[in-house]
Amino acid sequence: ASDETLPNLVKKVVGVRSTLKRWSLAEDFDSCLWDIFEPWYRELKTGSLEKRTAAAEFAIAYTEQLKISVPKWLLDKDQVTVLRLLKEAVESGKEQALREAVVAAKQTDFTGADESLSSALTSKYEEALGKLRHLKRLPSGWEVTDLVGDDASMKMFKKADLDDPSLKEKFQQLFDKTMKASIVTRDRAARGAGEMPRGYRVEKIVSVMNAESWKSYQERQDFIARDCLRYPGCAPMSDAAWADWSGKVHTAAHGNAIMEGAHLPSLNAGANEFLMFHGTKPEAADLIAMNHFDMAFACKTGLFGAGLYFAENSSKSDEYVKGDHKGWYPMILCRVTLGRVYYCANVDPTTDPGRDKLEAACTGGAYHCVLGDRVKARGTYREYDQERSMKHMVEERVQQELETLLRSELMRAQAAMEQRVRQRVCVIFRQEVETTLRKMQAQLDDMVKENNLLRDAFAEANLRSKCFYWALNPAALQTSSALLCGLPSKVLLSLRWRTALAASHPEISTEL
């Protein structure tokens, strides 16, 4: 059977059954076939999954052609398809194939499958999930199967409530320790944030799992970490360096404890990664969760230039939040990679050194963010502006849009070029055909002229030869003339006689 193709093998077995059907032995043949097939099929262990799948495919093709039911102990068509998809996806390592195979496996019922089959399926399924996790660089705390969902074409995204009381307590401590109730800035009054609250109560923690954003962030962090190696001492920064800049980052003491409680990787000190606050409106928070930070809505006229602004103090970001219908205020706690920090403690950074210089230091220079030390300048807060991150993300989005546009334009240009080529070929072909036809017509005309000349020449030569013959034989001329006039044979004989007589007796020629 190993040398047979599946259709040919099925055809042969069906042929044998059809022969036996004449003697009403078809059902007995099926019973014997399954009695032999089942123990052999069950003996195929996990290591022979390929053979087992091929055997199931044969049995399914056989039963489908005969329109009979598949034995319950056998893999059905959907189960075979899923095993094939998982195997091919794992071998290819392509993200879309892996996602489609995982979705198909989740939607297929494997109830009743024997233990060895369940083990084989689980092994391939877990291998596919592991490949996806590796491709997207997902944290161990994120369930890949939940991110994939039930539609392989959708974004790998999920929001989950974190109900662990100990984790909630860690968040509460973070808010409490980073609040400065005594500091009220002009931004609070200007934005209508109301009076300074006496404190905050964490009501709910939502974990945002966005596979695309996470991968993009990790890749950018890798670049920043490598870039920092060029500047010894910039990452991680020493306690002495932070002391010169108004002290350590206020969230530093709580960051890794929160990451551990949320089953997320530790913060990367080699890239100066910290937890930071970002306050916003409820609807904006949902959009940021789904699509990451949209640079179209980033602050363009901030104190330290265009970019994303984060704070190390909950009370600072509280100035920018808006409440929802329940009176809850969203606060986004972000992982922020500072990289090499441009420190600015000037009173008016818009003019000294100026927004353009601050932006250029990050977007085209050797820095990755700006630390605006308003503690030293105004006695308020430090602010962190991720300008280089903004540039990178804008460039990435622009690059994606340009690639999409380029593909569209290339397809359009290719279609237009093909159309122009077809038209040009048609024109050239038509011109060639017309030229060839004209040449052929000219040659035909020349041939006709030559033919006419030859015909006239032959006619003249023929006439001359006849006239010469008739001059030598006058009797032949009369006979030819009689023939042309359609005279009967007796008259022709008479004419011949008379002509002969006239020739021998000229005196009677007139009478004749």
18 Å Cα-Cα threshold exceeded, pairs from LYS322/LYS376; LYS168/LYS204; LYS248/LYS322; LYS180/LYS376; LYS106/LYS136: LYS322/LYS376; LYS248/LYS322; LYS106/LYS136
Per residue of the range 359-375, what does 6.51 cos²θ - 1.76 cosθ + 1.60 with θ = phi - 60° give for ³J(HN,Hα)? Whole Hz please, x for Gly and Pro, Karplus curve as stated. 5, 5, 4, 9, 6, x, x, 9, 10, 10, 7, 10, 9, x, 8, 7, 5
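Mind ranking 325-335, 124-134 by how tightly packed they are, going by the mean number of other C-beta atoms within 10 angstrom, highest first? Let's see the in-between values first.
Details: 325-335: 15.5, 124-134: 18.2.
Averaged packing, sorted descending, gives the order 124-134, 325-335.
In what sequence, highest mean first, do 58-64, 344-350, 309-315 appear when ranked by Cβ atoms within 10 angstrom? The partial results should precede the final answer.
Values: 58-64: 18.3, 344-350: 16.1, 309-315: 22.9.
Descending mean neighbour count gives 309-315, 58-64, 344-350.
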Compute the Kirkwood hydrodynamic radius of the range 106-223, taking the inverse of the mean of 1/r over all pairs of distinct Cα atoms, and give it in Å to one decimal. 18.6 Å
Expected sort for 136-145, 368-377, 436-445 on mean C-beta neighbours within 10 Å, highest first, is 368-377, 136-145, 436-445
Kirkwood Rh for the range 11-83 from C-alpha pairs, in Å, is 13.0 Å
Debye, to nearest 20: dipole size of the range 265-320, +1 on Lys, Arg Cβ, -1 on Asp, Glu Cβ: 140 debye
State log₁₀ I(q)/I(0) for the range 44-166 at q = 0.13, 0.16 Å⁻¹ as given by the Debye formula over alpha-carbon point scatterers of equal weight, solvent excluded. -0.58, -0.81
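Two-decimal Rg/Rh of the range 313-371 from alpha-carbon positions, Kirkwood Rh?
Working: Rg = 15.7 Å, Rh = 13.9 Å.
Expressed as Rg/Rh, it is 1.13.
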Among all the aspartates and glutamates, which ones have a C-alpha under 15 Å from LYS72's C-alpha, if same-chain residues fewer than 8 places away are not counted? ASP30, ASP35, GLU38, GLU57, GLU64, ASP109, ASP114, GLU115
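What Kirkwood hydrodynamic radius, in Å, does the range 178-219 give when the mean of 1/r is taken over all pairs of distinct Cα atoms and then inverted?
Numbers: mean 1/r = 0.0720 Å⁻¹.
Averaging 1/r across every pair of different Cα atoms and inverting gives 13.9 Å.
All of the numbers you see were taken from the coordinates with simple rules; none came from a lab. Note that the coordinates shown come from a computational prediction; the quantities given were computed from them, not determined experimentally. Positions of Cβ are backbone-derived with ideal geometry, glycine not excepted, and every protein chain shown enters the neighbour counts.
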